[in-house]
1. For segment 42-57, check the following and say yes or no: at least one residue is surrounded by 16 or more Cβ atoms within 10 Å (Cβ to Cβ), within 22 Å of Pro329 (Cα to Cα) and within 16 Å of ligand 2 (Cβ to nearest atom).
2. Name the one entry in Val333, Val289 that is touching a residue at least 40 places away in the same chain (Cβ under 8 Å) and in contact with a Phe, Trp or Tyr (Cβ under 9 Å, 6 or more places away or on another chain).
3. Here is a list: Ala100, Ala137, Ala123. Which entry is open to solvent by 10 Å² or more (accessible area, probe 1.4 Å), of a type in the set (A, V, I, L, M, F, W, C) and more than 20 Å from the chain's Cα centre (by Cα)?
4. Of everything in segment 248-291 that's aliphatic (A, V, I, L, M) and under 26 Å from Phe81 (Cα atoms), which residue is most open to solvent (accessible area, probe 1.4 Å)?
5. Sort out which residues of segment 75-97 are over 15 Å from the mean Cα position of the chain (by Cα) and within 16 Å of ligand 1 (Cβ to nearest atom), and write them in order of number.
6. For residues that are of a type in the set (S, T, N, Q) and either in contact with a Leu (Cβ under 7 Å, 6 or more places away or on another chain) or more than 16 Å from ligand 2 (Cβ to nearest atom) (or both), tally how many sit in segment 99-150.
7. Quick one: which residue in Leu125, Leu121 is away from ligand 1 (no atom under 14 Å from the Cβ), in contact with a strand residue (DSSP E or B) (Cβ under 7 Å, 6 or more places away or on another chain), hydrophobic (A, V, I, L, M, F, W, C) and touching a residue at least 12 places away in the same chain (Cβ under 8 Å)?
8. Which one is surrounded by the most Cβ atoms within 10 Å (Cβ to Cβ) among residues in segment 305-338 that are modelled with pLDDT of 95 or more and under 16 Å from Leu138 (Cβ atoms)?
Amino acid sequence: MFYGPHDVRWEARPDPELDDDRAALVRPVAVATCDIDVAALRGGYPLAGPYPLGHEGVARVVAVGAGVSGVRVGQLVVVPFQISCGTCPNCLRGRTGNCAAHPPLSTYGLGQMGGLGWGGLFADLVRVPHADAMLVALPEGSDPVALASASDNIPDGWRAVGPQLAAEPGAEVLVLGGQPASIGLYAAGLAVTLGAQRVHYVDSDAGRLDIARALGAEAANVAVDELPRKVGAFPIVVDASGTERGLRCALNSVAFDGTCTSTFVYLEDPSLPMFSMYSRCCTLHTGRVHARPAIPRVLEAVARGFDPGLVTSAIVAWDDLADALRDPPMKLVAIRPG
Ligand SMILES: [Zn+2]
Ligand SMILES: [Zn+2]
């Protein structure tokens, strides 16, 4: 349970029940912090506790309802952070983050914002209401620890470069990184694997710059408050900077007819360079990732050599989790046998 910044506690709760033919019960075995979790735990994002924490993880299927045919007991699966039914008009169009069968923003582990009824993945047992629609089986031989963020942050990185590179193979990609931090790195690594001619990653954190290089990107050390008006002209740009200056630099660095995807949750309204964007036919996309349809694409990229494990900061045993979460690193993964 997240109670507030630096305050995480285990609490006993009744086991969830298999109360629907379409549902499954799963036991999380590798659960990661999301960038928002880390911000909230460090006191930098206003989520009010108490709420069940955790919405990124790989789990083992423990029980399935009579109507479930896509996954079986014993399988390792990615659990998408968003609750989606798979059959409403939004889900059928791949917009699973806006599933019409449940209240808006229904997710695991995000407190009032996601609805408190779904629980969190830092738990012994989790109920998945639409097992066939939601769960994605891990390919044989996959590393569940490296894939713990395949529920949310890795698909979030994918949606910022994957469809764009499919439309414009080999295009150059610019990623402006910053706090919170992992999504920009996943985007950079995925862009390398998906064939971008060059991937430029800009940040001022030495650790993140090293990870970007390990992922195959060219990394440039520029402090956020020293970012110039623009750093070039790129067909595909990702703003993961978390600052107005970074966002403006990202938008001014979009080439003619290019796109910028901003993965950051801006709580204030930054001013945008609208005339410059208009002049270049610049597309800006922001919003939550529709995670479920992106997860198989992430697994394909992993099979082609993308290693999300390079982004993981620390791996802790389940019993040490509450202590580790009080002062979390960028990307913490808690593991247990299961
Ligand atoms: Zn998240
Ligand atoms: Zn739906």
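1. Let us first name the residues in segment 42-57 that are surrounded by 16 or more Cβ atoms within 10 Å (Cβ to Cβ), namely 45, 47, 49, 51-57.
So of that shortlist, the ones also within 22 Å of Pro329 (Cα to Cα) come out as 45, 47, 49, 51-57.
Among the residues that remain, those that are also within 16 Å of ligand 2 (Cβ to nearest atom) are: none.
Scanning segment 42-57, I find no residue that is surrounded by 16 or more Cβ atoms within 10 Å (Cβ to Cβ), within 22 Å of Pro329 (Cα to Cα) and within 16 Å of ligand 2 (Cβ to nearest atom), so the answer is no.
2. Numbers: Val333 fails: in contact with a Phe, Trp or Tyr (Cβ under 9 Å, 6 or more places away or on another chain).
After applying the criteria, what remains is Val289.
3. On the way: Ala137 fails: more than 20 Å from the chain's Cα centre (by Cα); Ala123 fails: more than 20 Å from the chain's Cα centre (by Cα).
Selected residue: Ala100, the only one of Ala100, Ala137, Ala123 that is open to solvent by 10 Å² or more (accessible area, probe 1.4 Å), of a type in the set (A, V, I, L, M, F, W, C) and more than 20 Å from the chain's Cα centre (by Cα).
4. Pass one, segment 248-291, residues aliphatic (A, V, I, L, M): 250-251, 254-255, 265, 267, 272, 274, 277, 284, 289, 291.
Now drop any that are not under 26 Å from Phe81 (Cα atoms), which leaves 265, 267, 284, 289, 291.
Details: Val265: 63, Leu267: 108, Leu284: 63, Val289: 4, Ala291: 0 Å².
Going through the qualifying residues, I end up with Leu267.
5. If we filter segment 75-97 for residues that are over 15 Å from the mean Cα position of the chain (by Cα), which is where we start, we get 75-77, 84-95.
The answer is Ser84, and nothing else.
6. Residues of segment 99-150 that are of a type in the set (S, T, N, Q), as a first pass: 106-107, 112, 142, 149.
With either in contact with a Leu (Cβ under 7 Å, 6 or more places away or on another chain) or more than 16 Å from ligand 2 (Cβ to nearest atom) (or both) added as a condition, the list becomes 112, 142, 149.
Residues that pass the stated criteria total 3.
7. After ruling out the rest, the residue left standing is Leu125.
8. Pro308
The values are calculated or read from the model by the stated rules, or taken from the named source; none is laboratory data. Note that the structure is predicted; figures quoted are calculated from it, not measured. When we count neighbours, we look across all protein chains shown, and the Cβ atoms used for this are built from the backbone with ideal geometry, even at glycine. The area values use the complete protein model at the heavy-atom level, side chains included, leaving out ligands, DNA and RNA. Shrake-Rupley method; radii C 1.70, N 1.55, O 1.52, S 1.80 Å.
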